[in-house]
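Asker: I am attaching a structure below and will ask some questions about it afterwards.
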Amino acid sequence: MRESWEVAGVGYEVVTAGKGDVGALVRLSSALFQEDGGMRDPFADVGWPEREGRDHFLSLISRRDALCLLSKPGRAPAGYLAGYIGEPATIRPVKVAEVQSMYVEARYRNRGVGSALVAEFRSWAERQGAERISVTAYASNEAAIRFYARLGFLPKRTTLEMSV
């Protein structure tokens, strides 16, 4: 099912991605990997989206418990959000919607694009019965942390790493 939401006052729409949008998802995911993981994690495989992204996004698009959204200010998408619903586990009995990845092209940042993507994901997650939404960001990505904090996300965990 393809849905579209017009975002008032900013001149773009948020749409549910379909099979024909996989190329755009891979392109935006590649930019995310280059800009975020590639700059912050020496072990991030920045070639992953080009090698495996197509199959990954096709899989997400086909799942009822997953959602891929695109923000389109014109013909070419300028941002995306991919996420899914995680079922409760005995160790943490809460249904959580996980933002797996999200990216907005630099020239469209601070214009409501990312906020609109998260708002649509939140609405979908609520309809799916999720009780929480979770996202992971690199500790050194202060802009992303500030963005998510403005939307109401609170830090819950810290992952620490060391060399062996």
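Just so it is clear, none of the values below were taken in a lab; they were calculated from the coordinates. Not measured: the values here are computed from a predicted model.
Asker: Looking at the chain as a GNM with Cα springs under 10 Å, which of VAL135, VAL94, VAL15 has the largest mean-square fluctuation?
Answerer: VAL94
Asker: If one puts a single equal scatterer on every Cα of the range 13-79 and applies the Debye formula without solvent, what log₁₀ I(q)/I(0) results at q = 0.24 Å⁻¹?
Answerer: -1.03
Asker: Now a separate question. Check cross-link reach from LYS19 to the lysines: straight Cα distance under 23 Å, and skip same-chain residues fewer than eight apart.
Answerer: Here the lysines satisfying the reach criterion relative to LYS19 are LYS72.
Asker: Using only C-alpha atoms and all pairs of different ones, pull out the Kirkwood radius for the chain in Å with one decimal.
Answerer: Taking every pair of different Cα atoms in the chain, averaging 1/r and inverting gives 16.5 Å.
Asker: Length gain on complete extension for the stretch ASP65 to ARG107, per 0.36 nm per residue less the alpha carbon to alpha carbon distance?
Answerer: Full extension from ASP65 to ARG107 adds 12.0 nm.
Asker: Does the range 69-164 come out rounded, prolate or oblate, given a ≥ b ≥ c as the square roots of the eigenvalues of its C-alpha gyration tensor, rounded meaning a/c under 1.5 and, failing that, prolate meaning a/b above b/c? Numbers along the way, then the final one.
Answerer: Numbers: a/c = 2.12, a/b = 1.25, b/c = 1.70.
Here the range 69-164 falls in the oblate category.
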